[in-house]
Amino acid sequence: MTYILRTVLATVLMIMATQAAVDPALVKKVENYLNGIKTYRARILQTNDNGSTQKGWFYMERGGRKQFGKMRIEYDAPLKDLMIVDGHDFIFYDDQAKEKNTYDIEATPAAFLLRRKIDLHNDLKIVEKAVDGTELGLKVIRSGDESGAALILKFSTSPIFKLNGWAVIDPQGLMTRVHLEEVNIGMSLDANLFKYKG
């Protein structure tokens, strides 16, 4: 079975899993883990809703006084699409259209991971939990959001607790999956990574 097919099946199984109550201790563990991340770098394998895939790099910097942290997703050549969150705006460069689009961070899935303090009891809420061996999936929505938009956070629970990736579900039900590899946490990141240079 190919890696992509296994990834798709695993995500579907997590979504179809019976909803279970989430232990408050687990919620606290997830909050502490995510809030403890200051800098993060990883290779990504992105699988789009139409089955196409891209590889690239993901960079994240959290903490500080701003409401949101910073993020960058860049893809391997020949794809030149680029996503940057500079702490103020979410910037997406569409290379095919040769267009730069700027969005409010809060209106994008990046807000789930980049908010200064991730709180899964108030502004965010876990609505589903799925366990498959040492894999844990948590479906997170914004409190009060009935649009259908959600983020599925995927963790490995053994031998260490770590973030393995996520899946973004948009209001139309389309899903984009991201798997993380070659993860590094706590390194120094160049500030220029989070600056858009058009």
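We did not get these values from a lab; they are worked out from the coordinates using the rules stated. Bear in mind that the values here come from a model prediction, so they are computed numbers and not experimental data. Note: ideal-geometry Cβ built from the backbone for every residue, glycine included; neighbour counts use all protein chains shown.
Sort out which residues of region 25-58 are under 23 Å from residue 138 (Cβ atoms) and aromatic (Phe, Trp, Tyr), and write them in order of number.
Matches in region 25-58: 33, 40, 58.
Would it be correct to say that residue 79 is surrounded by 12 or more Cβ atoms within 10 Å (Cβ to Cβ) and either touching a Gly at 6+ places or on another chain (Cβ under 9 Å) or at positive phi (or both)?
Yes; evaluated as a whole, the condition is true for this residue.
Is it fair to say residue 93 is farther than 28 Å from residue 26 by Cβ, in contact (Cβ under 8 Å) with a residue 40 or more places away in the chain and outside any loop (DSSP other than H, G, I, E, B)?
Spelling it out, residue 93 is indeed farther than 28 Å from residue 26 by Cβ, in contact (Cβ under 8 Å) with a residue 40 or more places away in the chain and outside any loop (DSSP other than H, G, I, E, B).
Hey, could you check region 143-198 for residues that are assigned to a loop (DSSP other than H, G, I, E, B) and among the basic types (Lys, Arg) and say which is surrounded by the fewest Cβ atoms within 10 Å (Cβ to Cβ)?
Among those that are assigned to a loop (DSSP other than H, G, I, E, B) and among the basic types (Lys, Arg), it is 197.
Give the residue that is nearest to residue 60 (Cα to Cα), with candidates limited to residues of region 136-163 that are within 15 Å of the chain's Cα centre (by Cα) and charged (D, E, K, R).
162
If I filter region 137-152 down to residues being of a type in the set (A, V, I, L, M) and without any contact (Cβ under 8 Å) to a residue 24 or more places away in the chain, which single residue comes out as farthest from residue 180 (Cα to Cα)?
141
Which residues, counting only those in region 164-198, are within 17 Å of residue 61 (Cβ to Cβ), charged (D, E, K, R) and in contact (Cβ under 8 Å) with a residue 40 or more places away in the chain?
The one that is within 17 Å of residue 61 (Cβ to Cβ), charged (D, E, K, R) and in contact (Cβ under 8 Å) with a residue 40 or more places away in the chain: 195.
Within region 42-74, restricting attention to residues that are of a type in the set (Lys, Arg) and surrounded by fewer than 19 Cβ atoms within 10 Å (Cβ to Cβ), which residue is nearest to residue 195 (Cα to Cα)?
In this case the residue turns out to be 66.
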